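See structure below.
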Amino acid sequence: MSEPRTALVTGGSRGIGAATVLALAERGFNVVVNYLSRAQEARQLARQAEAQGVRALAIQADVSDYQAVGRMTEQILAELGGLQVLVNNAGFTQHARLEALLPADWERMLAVTLSGAFYCAQEAAAAMKRAGWGRIVNLSSLRALTGSDHGAHYAAAKAGLIGLTRALALELAPEITVNAVAPGYTLTEMNRQVFAQQGQQICAQIPLGRFAQPEEIAALIAYLCSEQAGYLTGQTISANGGIYLG
Ligand SMILES: NC(=O)c1ccc[n+]([C@@H]2O[C@H](COP(=O)([O-])OP(=O)(O)OC[C@H]3O[C@@H](n4cnc5c(N)ncnc54)[C@H](OP(=O)(O)O)[C@@H]3O)[C@@H](O)[C@H]2O)c1
């Protein structure tokens with residue numbers, strides 16, 4: 001039997017990332033749960049993933065820190081022997097209109113969302129090329145496609161990820177596929193407050209009438225990481241309940 005492949009999920013400690021860690025572990029990947037601050041959640045999730053008979057690590061690293069991403073990759077290669085799948089999922093949101101956005105807000109958003117994805121992809125692609133096989137999935141957003149009237153930095157960074165996806169798809173073919181997923185409203189901590197305050201109003205605008213569960217987004221990501229998705233690259237796939245049909 002061939003060695004299990006290893007998947008790194010950035011921001012894997014909760015929400016869509018945590019659901020993706022479990023979906024990939026169920027499919028036989030060794031998994032790495034990257035996190036920023038929630039060590040306990042990340043370690044617990046790694047133990048849960050191990051129950052699927054795979055190996056799992058929890059690694060703290062701020063993806064916006066180039067050196068930290070390098071150290072994380074070294075640890076993965078030393079402990080698990082390779083890296084074949086990268087899910088660039090780490091992210092955060094901040095509701096602020098243009099006049100309230102500070103340069104530091106803008107810079108932090110781009111550093112985590114866009115530079116973080118670039119740093120991780122650069123490290124991972126080198127390992128994937130050595131393996132002759134790889135999958136990269138970038139978490140974009142509905143907001144990249146529709147814009148946003150309360151988060152220009154978030155919409156811009158998520159749209160940047162679509163450009164990064166297309167560029168890397170061209171550059172890393174044919175061994176490595178690179179795709180993006182653009183979720184709509186998904187029930188995680190990121191938008192719990194929005195859901196509590198405006199849930200009914202938002203659901204009324206969604207043709208499927210509800211928010212997504214993180215597991216539904218994770219299933220799409222896991223498919224894009226599979227052998228079967230081998231002819232898909234450079235695409236941005238929306239999972240948004242039909243709220244935007246572009
Ligand atoms: N939820 C939605 O409706 C929705 C819609 C469209 C797109 N998305 C995108 O999907 C992805 C996951 O969203 P989510 O709702 O699951 O988010 P979430 O529940 O808020 O979780 C965010 C994750 O990112 C990690 N993280 C944040 N900053 C980081 C950094 N600098 N370095 C490393 N890890 C970092 C957090 O780690 P800690 O736990 O350690 O803090 C956590 O694991 C994000 O990129 C988000 O923009 C979400």
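Quick note: the coordinates plus some simple rules give every number you see, no bench work behind them. Treat the numbers as computed from the prediction; the structure is a model and nothing was measured. Note: ideal-geometry Cβ built from the backbone for every residue, glycine included; neighbour counts use all protein chains shown.
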Pairs where the first residue, in the range 82-110, is part of a strand (DSSP E or B) and the second is basic (Lys, Arg), C-beta under 6 Å, 6+ apart: Val85/Arg135
Which numbered condition Gly82 fails, given (1) farther than 25 Å from Gly151 by Cβ; (2) within 16 Å of the chain's Cα centre (by Cα): (2)
Selection status of Arg135, outside any helix (DSSP H, G or I) and not β-branched (Val, Ile, Thr): yes
Close pairs from the range 11-25: first within 7 Å of the ligand (Cβ to nearest atom), partner among the aromatic types (Phe, Trp, Tyr), Cβ under 6 Å, at least 6 apart: Ser13/Tyr35
Odd one out for Arg108 among (1) over 25 Å from Phe29 (Cα atoms); (2) more than 14 Å from the ligand (Cβ to nearest atom): (2)
Residue among Ala156, Ala127 that is closer than 19 Å to Gln94 by Cα, among the aliphatic types (A, V, I, L, M) and in a helix (DSSP H, G or I): Ala156
Residue match in the range 191-214 (condition: within 14 Å of the ligand (Cβ to nearest atom) and closer than 28 Å to Ala127 by Cβ): yes
Filter result for Ala144 (assigned to a helix (DSSP H, G or I), of a type in the set (A, V, I, L, M) and within 16 Å of the ligand (Cβ to nearest atom)): yes
In the range 26-45, residue nearest to the chain's Cα centre (by Cα) [restricted to those that are within 13 Å of the ligand (Cβ to nearest atom) and surrounded by fewer than 24 Cβ atoms within 10 Å (Cβ to Cβ)]: Leu36
